[in-house]
Structures are given as C-alpha cells and as structure tokens.
1. Taking ARG265 as the residue in question, decide whether it is crowded, with 20+ Cβ neighbours inside 10 Å, among the charged types (D, E, K, R) and either farther than 30 Å from ILE373 by Cβ or touching a His at 6+ places or on another chain (Cβ under 7 Å) (or both).
2. Can you tell me which residue within segment 183-192, out of those that are of a type outside the set (Val, Ile, Thr) and within 16 Å of THR336 (Cα to Cα), is surrounded by the fewest Cβ atoms within 10 Å (Cβ to Cβ)?
3. Among the residues of segment 171-186, is any in contact with a helix residue (DSSP H, G or I) (Cβ under 7 Å, 6 or more places away or on another chain), in a strand (DSSP E or B), over 14 Å from ARG123 (Cβ atoms) and not charged (D, E, K, R)?
4. Filter segment 48-87 down to residues that are without any contact (Cβ under 8 Å) to a residue 40 or more places away in the chain and among the hydroxyl-bearing types (Ser, Thr, Tyr) and give me whichever is surrounded by the fewest Cβ atoms within 10 Å (Cβ to Cβ).
5. Consider THR376 carefully, then state whether it is at pLDDT below 90 and open to solvent by less than 20 Å² (accessible area, probe 1.4 Å).
6. Among the residues of segment 104-131, how many are open to solvent by 20 Å² or more (accessible area, probe 1.4 Å), over 16 Å from GLU213 (Cβ atoms) and not polar (S, T, N, Q)?
7. In this structure, does LEU195 turn out to be under 28 Å from LYS93 (Cα atoms) and surrounded by 17 or more Cβ atoms within 10 Å (Cβ to Cβ)?
8. Among (1) under 26 Å from ARG265 (Cα atoms); (2) at pLDDT below 95, where does ASN22 come up short?
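The values are calculated or read from the model by the stated rules, or taken from the named source; none is laboratory data. All figures in this text were calculated on a predicted structure; none of them were measured in a lab. Because the Cβ atoms are built from the backbone with ideal geometry, glycine has one as well, and the counts that use them run over all protein chains shown. Areas reflect the complete protein model, heavy atoms only, side chains present, ligands, DNA and RNA absent. Shrake-Rupley method; radii C 1.70, N 1.55, O 1.52, S 1.80 Å.
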Amino acid sequence: MFANLLYQNASSLLAADISRGNFPPAVMFAGPSCSGKLSCALETARVLGCTGETKGLWNCQCSSCLQHKQLVNNNLIIAGPRNCSLEICAAAKSFLDGVKHNASYLVAVRYLFLRSIRKLTSRFNPVLWQDDRNVGSIANLVGEIDEQMEIIDFPRPLPEFEILQKTVNKLVVLSEELENKYLYVSIPISQIRNLSSWAKMKSVEGSKTVIIENADRMSESVRNALLKILEEPPADTVFILTTTKKNAVMQTILSRVRVYNFVERNYKEQQDVLSRIFHESAFNGNVSDYLMTFLPVKNDVLLLEAKGFLKTIANGKIPDVSSILKECNNFEPKMTFWMFLKDLEESQRKLLLDPCGAKASFETVEALKKCWIDVTSYNQKPQAALENLVRIFSKINKTNGNVFRCVDI
C-alpha cells in the first residue's frame, strides 16, 4: 500500500488503520502544497475499493484497481479548486521526453500525463455540475478532451511522435481552457448538495470515495452543508478532505474527521521526488519551484507589473491595463492573476508605516479580495476587474492624502 507516497509517515499510519479495519468515514489530509496529499487521497480510494485477494497491492489487477489507476472509476468523485495546469505541463514534458528517448520508464510517465489530465476533468463530473448554467459548454469541452485522450490512452499503441506531440500539446491547451474558464476557486454549495445525494445512493460494487480539495476555501454556507453530511455519513462512502491551512477549517468539521498530517519534504527528498515522478534530475530546487517554471509568465515580471501599477496610481496617473494584460499573458492560467494580486498586497504593506496608512491598507486589501472573487466566482474578465481596481485604488489614494507614495515601489 501507498508505494507511490514518498517520504510521508502518514502512509504507514493509513496502511495500519486500513489493515485493522479502523479507517473512519471522514478524514483530512493536512500539510503544505506539493506534499502528496492528493496522490495519497487517490491511493486511499484505490485501496479501499480494491477487490483483489490481497487488499491494496500496487500491482493488483482487479477491475477496481485498474480503473482507479487511470482515474476512471465510477465510485470516485473529486471536487474543490486546484491549480492543475502546471502539473499537466510538467507531466507532458516528462511523457514526450520519455517517448523521444524510448525510456524504460515510458509506461510510468504515460500514466503520469493521463492522470494529470483526469485530476482536472474528474472535477467536472456531471453529478457535480448538473445544475450549473455552463454544464453544456463544460460537457462539450470535456468531451473534446476525452476524444484526444483516446489517441494516447492504454491499451492502444502510441502513434507516431509527430501525431503524439500534436495530441499532447492540444490536450495541454484544452485543459488550460477548461481550468481557466470553469473551475471555481471555491466549491459551490450546489456541488455539496449534489455530492450528498450521490453519496447516499448504494454503490453497485465496492465503497465510494469523495475527495474535496482545499477544504479551507469554503464559504460559511458550504461548510455548514458539508457538516450535515459528515454528521451522518453514508455507510459505504468515505470522505477525504485536504487542506494546506488546517487552522482555517471550521472547528466543527475538524471534530468530525481524523487528521493525518503531511510534512514539508527536505531538499534531498524533494530532489528524489522530482527524479522518480517527473524523471527530472537537472533542476536545482523543490517540487513547487519546478512546477512554477512552467508558468508562461515569470514571478519577477508579475512583481514588476504590480509595482508599476501602484507607482502609476501614486503619481496620479491611470495604469495601462491593456499593457499589463499583454505582459502577463492575459493572466492565463488564472493562478497568475492571483500571484499578481498577491504582489500588490505585499507591496502595499508599507502603508502601515504612514499615519493614514492603516485605514488605506485595510481598504486596499478588501478591494484585492473583492477583485479576486469577481474574477473567480463571478467570471469577470481580468481587464474589467483591473479597471475597477484602478478606480478604487485611485479613490483610496486621493482620500488618504496620496498615501501610496510611501509604498516600496
């Protein structure tokens, strides 16, 4: 069990609890990003659903395990926000490099790429989205992704490299479109209600697993709806929540789950993860840093644009939003917009050193929060959101005596 979870003591604790039949109906995996929480959740779902003679063997050939390995098992639902595009890009590189060099690990990186795509598409299960106004558009896009996946999926032989490369690149583009257009930054209450109805239905075979990522990002109404399910969980359904901020999760939810803690891997362990998972041996850094290299816009560019945004307002002028969008690749993937807003938030902290700064800083942070919600929850375009932010920031600056002049820009 859990042979693919590297350098986490949680794996032995989980294996022991499952072997003893002591696994609870609801658990939480808490720890830093890139610590293997989702991989562990998916492996837990596979082990719990295994119908083999020896439960949970990695090479088990039972139909349930084979489906779980490809993330196509009908007893699994994944929900919650996640930045999938960087992992997809990294997996695409590993896959194409493996094919190009006819590597011994080709099967592994083929699985890696297919699973990276399905970690995204699984979040668009019709069970979750049946009430969403975008369900038709989502179904068409997911269908197009599935058609491209068939070209490179098991058990088919891989096509010629030129066709393969074209297919992989198209899948990367389609996946980015799906994530940027439709993936919510916070799970809607309708999806929790749909999950509840699905969880109460009897499974044809085996146990069902619901994985909810980033449980700390839920609104109050969503947390309360989830709490009702956890108070009386269905007999054959296991809920696995993940979070990077355990302290931000509602205490009443924490009281109804068993928490398994994940830790930050040290440098040597991170290097081994990169080598064994992505077959990357040349990169000098951790897993998170490696994934960030696949961003179309570098961190220093986003920071420069954020500081320029504030500096222009401090000088009483209007920032060129169109130019910012161009330099920042129209903020695609969406996480680059979050990084840009985070840079604005970091840059404005020196407002607190000014006598008028505390009030201005509070108003600035609130405006940044609203800007993010407008884009991620209400599908406002980044251009419109930034133009509105210009108006708000200009008003804050003017009414507080040009307070932005003290910002470190």
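1. Spelling it out, ARG265 is indeed crowded, with 20+ Cβ neighbours inside 10 Å, among the charged types (D, E, K, R) and either farther than 30 Å from ILE373 by Cβ or touching a His at 6+ places or on another chain (Cβ under 7 Å) (or both).
2. Among residues in segment 183-192 that are of a type outside the set (Val, Ile, Thr) and within 16 Å of THR336 (Cα to Cα), the one surrounded by the fewest Cβ atoms within 10 Å (Cβ to Cβ) is TYR184.
3. no
4. For segment 48-87, the residue satisfying everything is THR54.
5. Values: at pLDDT below 90: yes; open to solvent by less than 20 Å² (accessible area, probe 1.4 Å): yes.
In short, yes.
6. Going through segment 104-131 one residue at a time, the tally reaches 10.
7. no
8. Just one mismatch for ASN22, condition (1).
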